Structures are given as structure tokens and as C-alpha cells.
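These notes are about the structure you will find just below.
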Amino acid sequence: MDCKQDERCDVNDERPIMLLTGASRGIGHATVKLFQESGWRILTVSRQPFSPECAWPEARENHIQADLAQLGGIDALAQDVRARLPQGKLHALVNNAGVSPKGGSGARLGLMETEAEVWTRVLNVNLVSTALLARALLPELERAGGSIVNVTSIAGSRVHPFAGVAYAASKAALAALTREMAHEFGRRGVRANAIAPGEIETSMLSPGTEDLIAAEVPMGRLGDASEVASTIHFLCTAASSYINGAEIHISGGQHV
């Protein structure tokens, strides 16, 4: 679809544009708030329909409902995004969507408890959809000299007491995918980096996190979602113009 024929797309709007997946809570909400304050236009994607709790300006019309577990829908999602870009430019792609299935009573899913369908869903959402979406939108990112930020996890580099095996494996693979993106896309003027949050204060926290903080986090506190958002913003601006292929830990030292 031609942007000029799409009423969702103002061809005179010259704000930088970010596409954020997994925007329905926590880190996603904080990221939208910061980018909005910095003058960006934000397109959001989540499996859920638009929520009235997402009260930022233009939220309803800039939200796209899509299930990233369904890889056959990625091309349609990319086309929808493309139709919303006034100059055919996407300045930032932030891959924040992720699923971390739990067992009964929130128990960690180890290898013996993780069925094939769980592996498929987790890998599709956390890893494969990220690769396919970046590939589909590379021309728009290249046109803008854009930046990709993938949200990995501390669970990708160490066994975590709450994150299951499929989640951990997907995040480790996402770190490797980030390196591949940096190597392949860097020659085309598109940077790719990752952030690896530790224990961040969101609604996804598991019972027992406070004990983990006391035992393993040198700074002795939870991280705030705004601290994660600030790092994402840094990686999407000229301040980080020579950073490519990095994975920045936001964990209060928990990873050391």
C-alpha cells in the first residue's frame, strides 16, 4: 500500500519512528514513554488488542495486533508497518516481545517438563520472528540508517532459578542472532545491539525474587524499567553511532 493513500500515515510527519514489539507492559511501556518524550513516533505490536491502559498519544491508531508465534503472519505485519511510514524510513526496531512459560504454581520448566509445542512457541516468539521481521523491514531500516535493539536476558548466559530452559535457550540464541545481524547489516548502515536485563521490577517478577536479589545482585535492588528504556534509547541514537554487535547487561552486576 502506498503511504500517500493511507490515512494512518502523514507524509509531512518527519519524526523518527520506532517499531516496538511486546509493548503491552513493563519494559515496553517505559520505552514508549521515554521515546514519546524524546519526540519519536512509536508503532507498537502485541498479541493483545489495544488496551485503554496504554494512554500515550496516538496509541490506538499506532497499535498493530499480531501473534508473533504465527510466523506466516510476519510478512503481513511488515506490510502493515510499511504502510505507516511517511518517508519509507524506520529509524529503530526494538524486539522486546518474549514469552516465558511456567509450570503449575509458576514453577520453572526444565528440560524434562518442556514439551515440543512449548519449544516451538517460545522459539517462534523470542527468536525466529525477530529474524524474519528484521529481514522484512531491512530496506526501511537501511533507508533511515536505523538501529535494531534485541532484548535478551541474563538467563541467556547462566542458569536462572525462574526462567525455563526454552526461554533461556531462545535468549542465548537471540544474542547470537544479534551478532549475525550486526555483521550482515552493519555494511548496509544498520546497527544491531542487544540488552540483557536482569531482575527488573515489572509484573512478570516471580515469587522469591527478593531472596535472589539479596544473594546475587551486587547493587542490592531491583532494576527499574525506566533504566532499561534509557539504554534502549541510547542504542537508537547518534550517541551510540559506533556501537554494533554489543550486548549490554542491565543487571546491577548480577551477571558478573
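Summary of values
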item: Unique match (being modelled with pLDDT of 95 or more, in contact with a helix residue (DSSP H, G or I) (Cβ under 8 Å, 6 or more places away or on another chain) and outside any loop (DSSP other than H, G, I, E, B)) among Leu85, Leu93; result: Leu93
item: Enumeration of residues in the range 78-117 that are surrounded by 14 or more Cβ atoms within 10 Å (Cβ to Cβ), within 17 Å of Ala155 (Cα to Cα) and more than 19 Å from the chain's Cα centre (by Cα); result: Lys102, Arg108, Leu109, Thr114
item: Cβ-Cβ under 9 Å pairs, at least 6 apart or on other chains, the range 37-49 side farther than 23 Å from Ala69 by Cβ, far side surrounded by fewer than 22 Cβ atoms within 10 Å (Cβ to Cβ) and of a type in the set (Ser, Thr, Tyr); result: Ser38/Thr237
item: Selection within the range 109-163 - of a type in the set (Asp, Glu) and at pLDDT below 95; result: Glu113
item: Condition check for Ala78: modelled with pLDDT under 95, out of contact with any strand residue (DSSP E or B) (no Cβ under 7 Å at 6 or more places or on another chain) and either closer than 23 Å to Phe234 by Cα or not in a loop (DSSP other than H, G, I, E, B) (or both); result: no
item: Residue ID - modelled with the lowest pLDDT, chosen from residues in the range 1-35 that are in contact with a Phe, Trp or Tyr (Cβ under 8 Å, 6 or more places away or on another chain) and either more than 16 Å from His91 (Cα to Cα) or surrounded by fewer than 16 Cβ atoms within 10 Å (Cβ to Cβ) (or both); result: Lys33
item: Tally of residues being part of a loop (DSSP other than H, G, I, E, B) and modelled with pLDDT of 90 or more across the range 36-66; result: 5
item: Tabulated pairs, the range 97-122, first closer than 23 Å to Gly22 by Cβ and in contact (Cβ under 8 Å) with a residue 40 or more places away in the chain, second of a type in the set (Lys, Arg) and part of a loop (DSSP other than H, G, I, E, B), C-beta under 6 angstrom, 6+ apart or interchain; result: none
item: Filter result for Ser129 (in contact with a helix residue (DSSP H, G or I) (Cβ under 7 Å, 6 or more places away or on another chain), crowded, with 23+ Cβ neighbours inside 10 Å, in contact (Cβ under 8 Å) with a residue 60 or more places away in the chain and over 23 Å from Ile243 (Cα atoms)); result: yes
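The values are calculated or read from the model by the stated rules, or taken from the named source; none is laboratory data. All of these numbers come straight from a predicted model, not from anything done at the bench. Cβ sites come from the backbone with ideal geometry, for glycine too, and all protein chains shown count toward neighbours.
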